[in-house]
Amino acid sequence: MKQISHWLYNFLIDKGLSISVASYVNVIVLCILLVIVLFIVDMLSRKILRKVSNGIAAASKTRLDDLLIENRVPRRVGHLIPLLIAYWTVPHIFQDFKDLEIFAIKFLQLLGIVLVLRIARAFLNSLKSYFKTKPRLKDKPIDSYIQVFMIFAWFAGVFLALAVVSDIDLWKFLAGLGTISAVIILVFRDTILGFVASIQVATNDIVRIGDWITFDKYGADGDVIEINLATVKVQNFDKTITTIPTYALISDSFKNWRGMNDSDGRRIKRALYIKQDSIKFLSIEDIEKLKKIELITTYLSGRQEKIEASNTALGISRELQLNGRNLTNIGVFRKYMETYIGQHSAVNKDMMIMARQLAPTSHGIPLEVYCFSSDKRWQNYEYIIADIFDHFLASISYFDLELFELPSSGVYIPEK
């Protein structure tokens, strides 16, 4: 090889040129020839690898090889061949110029590190896209894991590059970094916290892509669309995007609605506030009037007989309705509410169904409906609630009850 690299040099010396001129002309011509050869080899290697990889991808049933081609992995691997040729050839070309030889070798080593990092990134991006096509993995924080691998790869690349430039052994160089480890931890604090949080999120199955979460601290209320090393992206229902630090999923409290989505129903929990002065005992005439309401006819008949039998057995005077046991309009209406939601076609009959009275408030007596709709979709869920409470609002007057409302700020002045 030495004879070949010095052929032009010897020829020029024979023609009477000085040693320095012959050396410079020789190295310039060899560099030009090397660049031409490397260009041709690079073009051929990329074409051959691309053709071979396309053939393999066409014959294969897996999606991974197609993704490798889309991310140009074979093309980048093809660049390694001319790089290796150059690395093997450079010492012979610059054998008369030791400083240039050292510079060229270091340059090629740095170029090799960059090229390997680009290949690693393209390969990891292919794996990321491939894993997202798998049903078992599509809701996992794949982005976080890929970013962690890339961070380690970039760290390794930077350390190797610094070791090459400084001519220091890699292990000695890494040992010296121990003195500045505190600074590294401080600079990459969020990355380290995000990495730890990503592992905990995945291991404990706290959040998946596609989960509906509510995070009041960050104003997030929507579906998780991306989980990566530093942030979690949530698309709110108003189509805005909220980003949340990944470690906040571990350190702060938030609500994940996955349990509701996985259950058989979505909870309905809403109350009507009854004016206290509209509550009363029911007279015989009131009871007979309410018996016309078919949903509670059987209940009123049976309940009335039991109450009368109990009062007679105890010898209760019926001069005042306060004496003994009596039906109230709010109690009968509560029973009507429970019976109505129990027969509603959109309510899940296998889950809790209840109408209950809560503690009195300054706004009246709350009568709360507690049940679960069979349809969990938001729009249909809201329609079901509205349908139920439209009926209750319209029917409450049949029980001589009134809803509490704050006084209007306007003053009505009747016409004279």
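The values are calculated or read from the model by the stated rules, or taken from the named source; none is laboratory data. Note that the coordinates shown come from a computational prediction; the quantities given were computed from them, not determined experimentally. Note: ideal-geometry Cβ built from the backbone for every residue, glycine included; neighbour counts use all protein chains shown. The accessibility values were calculated without ligands, DNA or RNA, using every heavy atom of the protein model including side chains. Shrake-Rupley method; radii C 1.70, N 1.55, O 1.52, S 1.80 Å.
Looking at Asn323, is it out of contact with any Leu (no Cβ under 9 Å at 6 or more places or on another chain) and part of a loop (DSSP other than H, G, I, E, B)? Even if it seems obvious, please write down each step before you answer.
Details: out of contact with any Leu (no Cβ under 9 Å at 6 or more places or on another chain): yes; part of a loop (DSSP other than H, G, I, E, B): yes.
Yes: the conditions hold for Asn323.
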Exercise for the section: Please enumerate the residues belonging to the range 293-344 that are touching a residue at least 24 places away in the same chain (Cβ under 8 Å) and of a type in the set (A, V, I, L, M, F, W, C). Expected result: Ile293, Leu295, Ile296, Leu300, Leu322, Leu327, Ile330, Val332, Phe333, Met337, Ile341
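A quick yes/no check of all residues on (1) outside any loop (DSSP other than H, G, I, E, B); (2) open to solvent by 60 Å² or more (accessible area, probe 1.4 Å); (3) not hydroxyl-bearing (Ser, Thr, Tyr):
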site: Asp264; (1), (2), (3): no, yes, yes
site: Glu288; (1), (2), (3): yes, yes, yes
site: Arg303; (1), (2), (3): yes, yes, yes
site: Lys306; (1), (2), (3): yes, yes, yes
site: Ala313; (1), (2), (3): yes, yes, yes
site: Phe333; (1), (2), (3): yes, no, yes
site: Thr339; (1), (2), (3): yes, no, no
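Conditions tested, residue by residue: (1) open to solvent by less than 70 Å² (accessible area, probe 1.4 Å); (2) of a type in the set (Asp, Glu).
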| position | (1), (2) |
| --- | --- |
| Ile93 | yes, no |
| Glu101 | yes, yes |
| Ala104 | yes, no |
| Phe107 | no, no |
| Leu115 | yes, no |
Exercise for the section: Test Asn236 against the criterion of being open to solvent by less than 40 Å² (accessible area, probe 1.4 Å), free of Cβ contacts under 8 Å to residues at least 24 places away in the same chain and touching a Ser or Thr at 6+ places or on another chain (Cβ under 8 Å), and give yes or no. Expected result: yes
Practice task
Kindly check whether there is at least one residue in the range 345-362 that is surrounded by 15 or more Cβ atoms within 10 Å (Cβ to Cβ), β-branched (Val, Ile, Thr) and either more than 34 Å from the chain's Cα centre (by Cα) or over 25 Å from Thr297 (Cα atoms) (or both).
Solution key: no
Problem - Failed item in (1) within 30 Å of Ile209 (Cβ to Cβ); (2) in contact (Cβ under 8 Å) with a residue 60 or more places away in the chain; (3) out of contact with any Leu (no Cβ under 9 Å at 6 or more places or on another chain), with Glu70 passing the rest - result: (2)
Problem - The listed residue being closer than 20 Å to Leu44 by Cα and part of a helix (DSSP H, G or I), out of Leu110, Leu117, Leu84 - result: Leu84
Exercise for the section: For the range 214-230, state whether one or more residues are in a helix (DSSP H, G or I) and closer than 28 Å to Tyr383 by Cα. Expected result: yes
